[in-house]
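Engineer: Below is a structure I'd like to ask you about.
The values are calculated or read from the model by the stated rules, or taken from the named source; none is laboratory data. Since the model is a prediction, treat every value here as computed from it, not as a measurement. Here the Cβ is made from the backbone with ideal geometry for all residues, glycine too, and neighbour counts use every protein chain on show.
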Amino acid sequence: MISYAPRLAAALLLALSLMVPLSSAKADTSRYAAFVVDQNTGVVLHSRQSEATRYPASLTKMMTLYMLFEAMEAGEIGLRDPIRISARAANAPPSRLDLPIGSTISTEDAIRALVVRSANDVAVAVGERLGGTESGFAAAMTTRAHELGLPGTTFRNASGLPDNRQVTTARDMARLAIALQRDFPQYFHYFDETRFVWDGRTYRNHNTLVGRVDGVDGLKTGYIRASGFNVVVSAERGEHRLIAVIMGGPTAASRDAHAEELLDAAFSTLEQRDDRLLFAALSSPRINPIRQQALIAMDVAALGLAEPVEMGSAQAAPPLRIVLADETSQLADAHPATHRAPAEPSLLRGAWSVQVGAYNSAAAARDRLDRVTPASSILGLAQPAARAVDVGGNRLWRARFESLTAEEAAHACAELGARNEPCYTVAPGR
């Protein structure tokens, strides 16, 4: 018999290593925050002060780019279209390209200037081009951010230059990084560029993790005196893609070292988790088909659940839910007849849900949730829930993904529908 105890012990040691913030330099805890999430499953691997208010600095440009990509997809601006530099843009503080008043830069070069150079003059120009004024653009950025599920974020400019009212959270920045990859995969390659040539000069990407640390393929760094050194990174190794956010680093070097440490430990922990899930799947028992299928199906229909109860599915052993640091860590309840086990805190903050089935046991509902999650890019980031309801003396469990926005719920069901998987959107309060 294979023993998994050594591997699980190793996973716990790796988990503990994730709890140490910025060990390589003395951190200012009033500025520090960190958050690591598995983008494919929504499992939170590390969270320290992830919902505390912080200054985004140039992480702001991620939202500026999101708005620019959205305008490009809407046909409002093209990659070759010129963006004019106003006097206000030309006078923006460094870092910048030092573009003269009245000059222009193409949209594609503007993207590279924002990602690689983190050019503030270009950020102002983009804001003015899309919003008329930078302040108007910042208001639109804030509105769109809230629609994307970033409730703790407010923008006052397009660049991230100091403004005490421009705030965010580490969790929100992770959510924004995920939205960029999900909504604009065709443009995400720009975040992987390590240099940008402009007017005969080569600029190197401030994000030195790109191209140096295994699997890292973006996104953005940021710094102002009030924020400390920030970074959001995306990394993919094997079947796992992680988003890591570090805010308030005392130096760029310590921030980068901490990000690398967290990524290495998180990927190793997930490798151990994969072994645990494989072992659970191989050893899980099966449940017997329900005899009163027609009765329960009618009861479900009477409740307006809209889909039939699925019968006779295999009951997989509950997956190992990994939530470290200041998040709650629990395994799924081994006796789920009375209540559901708490799930990881969701990145999302919407009130909509999608329902993918109704079952005669919480275990079967959770099994359905686990099986359907990989079929949608959205569901892994939602809050899975097996909701109990009594119907004519029978207890059923609704398999739902909660904490979605209306847009995300519709997108998730569209993806599932394309795979012939039943899915229904559920309005708030239903």
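Engineer: Only strands (runs of 3 or more DSSP E) wholly contained in segment 30-119 count here; list those with 1 or more residues that are surrounded by 21 or more Cβ atoms within 10 Å (Cβ to Cβ) and among the acidic types (Asp, Glu). Lay out the reasoning, then the answer.
Structural biologist: Details: elements: 33-38, 44-48, 82-84, 104-106.
In segment 30-119, the matching strands (runs of 3 or more DSSP E) lie at 33-38.
Engineer: Checking the conditions here, which among Leu18, Leu22 is at positive phi, of a type in the set (A, V, I, L, M) and either at pLDDT below 90 or outside the structural domain of Asn120 (by TED's automatic domain parsing) (or both)? Explain how you work it out, then say what you get.
Structural biologist: On the way: Leu18 fails: at positive phi.
It is Leu22.
Engineer: How about segment 375-429: which of its residues are of a type in the set (D, E, K, R) and in contact (Cβ under 8 Å) with a residue 60 or more places away in the chain?
Structural biologist: We begin by selecting, within segment 375-429, every residue of a type in the set (D, E, K, R); these are 387, 390, 395, 398, 400, 402, 407-408, 415, 419, 421.
Passing the criteria: Arg398, Glu407, Glu408, Glu421.
For (1) touching a residue at least 12 places away in the same chain (Cβ under 8 Å); (2) among the aliphatic types (A, V, I, L, M); (3) farther than 17 Å from Asp217 by Cα, each residue gets a yes or a no:
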{"site": "Val126", "(1), (2), (3)": "yes, yes, yes"}
{"site": "His146", "(1), (2), (3)": "no, no, yes"}
{"site": "Thr154", "(1), (2), (3)": "yes, no, yes"}
{"site": "Ala174", "(1), (2), (3)": "yes, yes, no"}
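Engineer: Would you be able to say whether some residue in segment 227-249 is surrounded by 21 or more Cβ atoms within 10 Å (Cβ to Cβ) and either charged (D, E, K, R) or in a loop (DSSP other than H, G, I, E, B) (or both)?
Structural biologist: Yes.
Engineer: Can you name the residue in segment 371-386 that is modelled with pLDDT of 85 or more and touching a Leu at 6+ places or on another chain (Cβ under 9 Å) and is also surrounded by the most Cβ atoms within 10 Å (Cβ to Cβ) among such residues?
Structural biologist: From segment 371-386, those modelled with pLDDT of 85 or more are 371-372, 384-386; that's our starting set.
With the extra rule that they be touching a Leu at 6+ places or on another chain (Cβ under 9 Å), the set shrinks to 372, 384-386.
Numbers: Val372: 22, Pro384: 26, Ala385: 21, Ala386: 28.
Filtering first and then ranking leaves Ala386.
Engineer: Keeping to segment 160-215, report how many residues are over 24 Å from Pro94 (Cα atoms), assigned to a loop (DSSP other than H, G, I, E, B) and out of contact with any strand residue (DSSP E or B) (no Cβ under 8 Å at 6 or more places or on another chain).
Structural biologist: Going through segment 160-215 one residue at a time, the tally reaches 6.
Engineer: Still on this structure: Can you tell me which residue within segment 391-410, out of those that are modelled with pLDDT of 80 or more and surrounded by fewer than 20 Cβ atoms within 10 Å (Cβ to Cβ), is farthest from Val356 (Cα to Cα)?
Structural biologist: Arg395
Engineer: So is Thr142 in contact with a Phe, Trp or Tyr (Cβ under 8 Å, 6 or more places away or on another chain), assigned by TED's automatic domain parsing to the domain that holds Ala177, farther than 27 Å from Val210 by Cβ and among the hydroxyl-bearing types (Ser, Thr, Tyr) or not? Explain how you work it out, then say what you get.
Structural biologist: Values: in contact with a Phe, Trp or Tyr (Cβ under 8 Å, 6 or more places away or on another chain): yes; assigned by TED's automatic domain parsing to the domain that holds Ala177: yes; farther than 27 Å from Val210 by Cβ: yes; among the hydroxyl-bearing types (Ser, Thr, Tyr): yes.
When the stated conditions are applied, Thr142 passes them.
Engineer: Of the residues Thr169, Thr194, Thr208, Thr269, only one is surrounded by fewer than 16 Cβ atoms within 10 Å (Cβ to Cβ) and not acidic (Asp, Glu); which? Break it down into steps so the answer makes sense when it comes.
Structural biologist: Numbers: Thr169 fails: surrounded by fewer than 16 Cβ atoms within 10 Å (Cβ to Cβ); Thr208 fails: surrounded by fewer than 16 Cβ atoms within 10 Å (Cβ to Cβ); Thr269 fails: surrounded by fewer than 16 Cβ atoms within 10 Å (Cβ to Cβ).
Going through Thr169, Thr194, Thr208, Thr269 in turn, just one is surrounded by fewer than 16 Cβ atoms within 10 Å (Cβ to Cβ) and not acidic (Asp, Glu): Thr194.
Engineer: Can you pull out every residue in segment 72-101 that is under 32 Å from the mean Cα position of the chain (by Cα) and among the charged types (D, E, K, R)?
Structural biologist: Within segment 72-101, Glu73, Glu76, Arg80, Asp81, Arg96 meet the criteria.
Engineer: Which one of these is in the same structural domain as Ser227 (by TED's automatic domain parsing) and at pLDDT below 95: Pro100, Pro151?
Structural biologist: On the way: Pro100 fails: at pLDDT below 95.
Going through Pro100, Pro151 in turn, just one is in the same structural domain as Ser227 (by TED's automatic domain parsing) and at pLDDT below 95: Pro151.
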